Amino acid sequence: MIKFIFLILIILCNISLLAQDREKLYHDSLNELQCMLNDSCKLSFKKAVIIVENAYLYGNMDTIAFNDDIRVLSNLVNTLVKSKMLKYPEKDSLKVKKYAALFSVFNDTIPVILPNGEGYNFIPYSYDFKDIWGVKSWKNMFVSKLLETGKGNCHSMPYLYKILAEEIGAEAHLSIAPNHMYIKHKNIRDGWYNTEITSGIFPLDAWLMASGYIHLDAMSNKLYMEALDDKKSIVLCVIDLAKGYDRAFPANDGSFLREACEISFQYYPNYINARILLAETKKKIFEKKVIDKFGEITKEVYTDDLFKDMFIEIQRDYAMIHLSGYRRMPEEMYLNWLASLKEERLKYENLRILNK
């Protein structure tokens with residue numbers, strides 16, 4: 001019996017040490033991302049994504065396989081750039097060829113000849129309609145999962161696109177819509193235009209507005225449809241890291257999440273997902289403290305000055321989020337919205353981009 005108890009104590013001690021190590025990994029990861037943001041470290045979107053995913057995977061991410069996959073894809077893109085012929089006469093034609101090659105990797109079946117003479121067909125990535133927002137498994141949001149399975153979503157696919165663009169020396173700007181992400185490019189002839197990775201289409205802004213979930217206030221407050229610069233893209237990774245931490249440590253005290261949100265506001269003040277995460281974190285901590293003191297939420301809670309102030313602050317945060325123009329899009333509505341792009345392609349596609 002004594003040996004059994006001793007064994008249990010050892011196991012519990014090891015679990016505690018592993019949890020401490022993992023928490024340290026998260027704090028170190030946040031510091032690395034902040035280092036990029038304050039220009040103390042070289043900014044790399046690929047590295048930022050690896051940092052985030054590795055933290056959630058207990059530091060056991062196969063970074064060698066990840067980098068090998070990125071290298072293979074980058075080589076494929078560069079090969080396509082050399083072989084592409086475009087009807088595009090402007091002086092930035094090389095940049096446009098890079099965009100066209102990136103688009104092909106995500107949408108076309110490409111015949112590939114290996115150095116030994118053998119050939120195979122590269123199959124493009126497809127949309128994974130299971131757990132599209134990572135509710136059941138946060139790993140479903142990962143680029144590493146996309147590389148392993150060939151299936152991804154509106155988070156992992158634009159992330160991979162930006163990583164590959166960075167690898168081949170092309171600009172690619174992430175842009176967000178309600179519960180969605182896509183790519184913005186710019187060229188001399190067409191100006192800014194949208195590239196929808198999950199559907200393989202170049203939609204007009206009208207499609208993004210057609211859902212009814214992009215409120216005019218959201219546009220005036222720059223919540224959506226902006227071409228994000230590289231630092232704002234790193235901020236997306238900071239909030240991804242915080243969300244992963246919340247999954248890894250569901251009983252956390254909220255301090256890590258608050259720190260991540262405060263860092264994000266320094267470089268991307270109107271990032272709506274950070275605002276929502278901070279409000280939800282405050283609400284979660286409020287409810288926990290109420291249960292710890294009162295056992296349940298009763299009227300007595302609101303006569304306590306401390307809890308009353310906390311409640312008012314949370315209500316104010318949610319009110320500001322609503323006033324900024326944010327509207328939550330239900331999953332069914334979101335999937336219908338994505339489907340509308342293909343079903344009404346002629347209505348929403350930017351035909352000028354196709355004429356190259």
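Accessible surface for region 309-351, divided over its residues, is 66 Å² per residue with a 1.4 Å probe.
Taking only alpha carbon atoms, region 79-231 gives an Rg to Rh ratio of 0.99, where Rh is the Kirkwood radius.
Both numbers refer to the Cα atoms of region 200-356; Rg and Dmax are 19.6, 68 Å. Simple spin-label estimate for I123 and K231 gives 4.3 nm between the two label positions (7 Å along the Cα-to-Cβ direction from each Cα). Taking the longest Cα principal axis of the chain as reference, the axis of helix 230-248 is set at about 40 degrees.
For L86 and W133, the FRET efficiency from 1/(1 + (r/R0)^6), where r spans their Cβ atoms and R0 equals 51 Å, is about 0.90.
Applying 1/(1 + (r/R0)^6) with r as the Cβ-Cβ distance of K289 and N60 and R0 = 30 angstrom yields a FRET efficiency of 0.30.
Restricting attention to the chain, close to 90% of DSSP beta bridges with both partner residues there are antiparallel. In percent, how large is the relative contact order of region 123-251, given Cα pairs closer than 8 Å and 6 or more residues apart? Contact order relative to length: 18 percent.
Inter-label distance, R247 to C35: 2.5 nm, where each label sits 7 Å from its Cα along the C-beta direction. Of the trypsin sites (Lys or Arg not before Pro) found in region 47-92, the ones in coil according to DSSP and having at most 11 other Cβ atoms within 10 Å of their Cβ are K87, K91.
Taking a straight line from the alpha carbon of K47, these lysines sit under 23 Å away, with near neighbours fewer than eight places off in the same chain left out: K24, K98, K139, K145, K151, K162, K184, K231, K232, K243. With the simple model of a label 7 Å out from the Cα in the direction of the Cβ, K42 to R328 spans 4.2 nm. Atom-type composition of the exposed protein surface of region 130-174 places 50 percent of the accessible area on carbon and sulfur (1.4 angstrom probe). Mean separation of Cα pairs under 8 Å and 6 or more residues apart, divided by the residue count, gives region 266-349 a relative contact order of 27 percent. Ranked by solvent-accessible area (1.4 Å probe, protein heavy atoms only, all chains present), the residues T281, T149 order from largest to smallest as T149, T281. Short to long, the 10 Å bins of the Cα pair-distance histogram for region 171-213 hold 25, 60, 14, 1 percent of all pairs. Put a plus charge on the Cβ of each Lys and Arg, a minus charge on the Cβ of each Asp and Glu, and nothing anywhere else: the dipole of the chain about its Cα centre is then about 780 debye. Where only DSSP H runs of four or more residues are counted, the chain gives -19000 deg cm²/dmol as its mean residue ellipticity at 222 nm, each run worth -39500 (n - 2.57). The angle separating the long axis of helix 45-56 from the principal Cα axis of greatest extent in the chain is about 40 degrees. Solvent-accessible area assigned to carbon and sulfur over region 271-356 amounts to 54 percent, based on a 1.4 Å probe.
Solvent exposure of M333, expressed as accessible area, is near 80 Å², computed with a probe of 1.4 Å over the protein chains only.
For the chain, what does the alpha-carbon gyration tensor say about shape, rounded, prolate or oblate, given a ≥ b ≥ c as the root eigenvalues, a/c under 1.5 as rounded, and a/b over b/c as prolate? Oblate, since a/c reaches 1.5 and b/c is not below a/b. Normalised by the residues of the chain, what does the relative contact order come to in percent, with Cα pairs under 8 Å and at least six apart? Computed value for the chain: 17 percent relative contact order. Helix 305-323 and the longest principal axis of the Cα set of the chain meet at an angle near 20°. The residues of region 223-271 expose, per residue, 34 Å² of accessible area to a 1.4 Å probe.
Give me the net charge for the shell around D128: Cβ to Cβ below 14 angstrom, other residues only, Lys and Arg +1, Asp and Glu -1. With Lys, Arg at +1 and Asp, Glu at -1, the neighbours total +2.
Taking the charge dipole of the chain about its Cα centre, with +1 at Lys and Arg Cβ atoms and -1 at Asp and Glu Cβ atoms, the residue from L43, F103, A242 reaching farthest to the positive side is F103.
The values are calculated or read from the model by the stated rules, or taken from the named source; none is laboratory data. Quantities reported herein were computed from a predicted structural model and do not represent experimental measurements. When we count neighbours, we look across all protein chains shown, and the Cβ atoms used for this are built from the backbone with ideal geometry, even at glycine. Areas reflect the complete protein model, heavy atoms only, side chains present, ligands, DNA and RNA absent. Shrake-Rupley method; radii C 1.70, N 1.55, O 1.52, S 1.80 Å.
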